[in-house]
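Notes follow the structure.
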Amino acid sequence: MRSVVNSESVGKRLMAAYEAMNDHFGNLSWWPGETAFEIALGAILTQNTNWKNVTRAIENIRNAGILQSELLYKADKDYVAELIRPAGFFNVKTTRLRAFLEYLHGNYGGDMDEMSKEETWKLRKSLLSVKGIGEETADSILLYGCRKKVFVVDAYTRRIFTRHNIIDNKWTYHDIQRLCMDNLPSDSEIYNQYHALIVETGKQYCRKKQQCTGCPLARGENNELL
DNA sequence: CACCAGGCAAGTA
DNA sequence: TACTTGCATGGT
């Protein structure tokens, strides 16, 4: 764990930030998706891509009638690439999706419920061995798809925590994840909502060339940091 | 026109 | 370890 500014109060600050964002946005019921498989699919397709484009890709797959692991696994690669085109990076994502499907079928018979029975951190490690699944994608699948107790860190988490001097740019993904999991209630619903709140706050108030005015994490006339 | 989006892997030094 | 680059569509 790297050094922390005001380390004794980080837990309180993280909870205060949660309360402020939660009051502002309410329950976001994040990561829409009917099934665990659909959530995993979305986690791969959303890599560096607007979610709106991902929903288009998923709808294409749904309309094609192959929104199931077995059917998508059997489907022609070029056909799948065409269906997910709106999500961008469609060639690499088709390859990554295929790698995940091979993993899912090779180890769990294509069944997300079977995969979810694995111990959390053992499963995380094996997911990371799949080409195309990095830390954020793995954790999104674990938290939102498998309902595991894992905190998801993303670019907005890093940006917001940095701007609030809770971390600096030396912190790794793992450092930030541990900071949150060590200082927040050990509850997947909290992790779920917290990540959703950070993304909404980031999208609306922390993008480049954008003022912090109105941000639930800002305070005072000069938007002093929470 | 520029810049960004719910990343990741591979290459370079 | 610490950058850099390719991947590609669609919105603002």
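Just so you know, all these numbers are worked out from the coordinates, no wet-lab data involved. The structure presented is a predicted model; accordingly, all values stated were derived computationally and were not measured. Backbone-built Cβ (ideal geometry, glycine too); neighbour counts: all protein chains shown.
What is the extension gain from A:Tyr79 to A:Tyr108, computed as 0.36 nm multiplied by their sequence separation minus the C-alpha to C-alpha distance, in nm to one decimal?
Between A:Tyr79 and A:Tyr108, full extension yields 8.0 nm more.
Restricting to DSSP H runs of at least four residues, report the calculated mean residue ellipticity at 222 nm for chain A, -39500 (n - 2.57) per run over all residues, nearest 500 deg cm²/dmol.
Using -39500 (n - 2.57) per qualifying helix, the result is -17000 deg cm²/dmol.
Here are some pairs, A:Lys125/A:Lys148; A:Lys52/A:Lys170; A:Lys12/A:Lys149; A:Lys12/A:Lys125; which of them have Cα atoms lying more than 25 Å apart in this structure?
A:Lys52/A:Lys170; A:Lys12/A:Lys125
Which GluC sites (Glu not before Pro) in region A:20-123 pass both tests, a DSSP loop state and at most 10 other beta-carbon atoms within 10 Å?
Of the GluC sites (Glu not before Pro), the ones in loops of region A:20-123 whose Cβ has at most 10 other Cβ atoms within 10 Å are A:Glu34, A:Glu119.
Please sort by residue number the trypsin sites (Lys or Arg not before Pro) in region A:160-208 whose DSSP state is loop and whose Cβ has at most 11 other Cβ atoms within 10 Å.
Sites meeting the loop and neighbour criteria: A:Lys170, A:Arg207, A:Lys208.
Taking the beta-carbon count within 10 Å as an exposure proxy, list A:Val80, A:Val130, A:Val152 from fewest neighbours to most.
A:Val130, A:Val80, A:Val152
Determine the relative contact order of chain A: mean sequence separation of Cα pairs under 8 Å and six or more apart, normalised by residue count, in whole percent.
25
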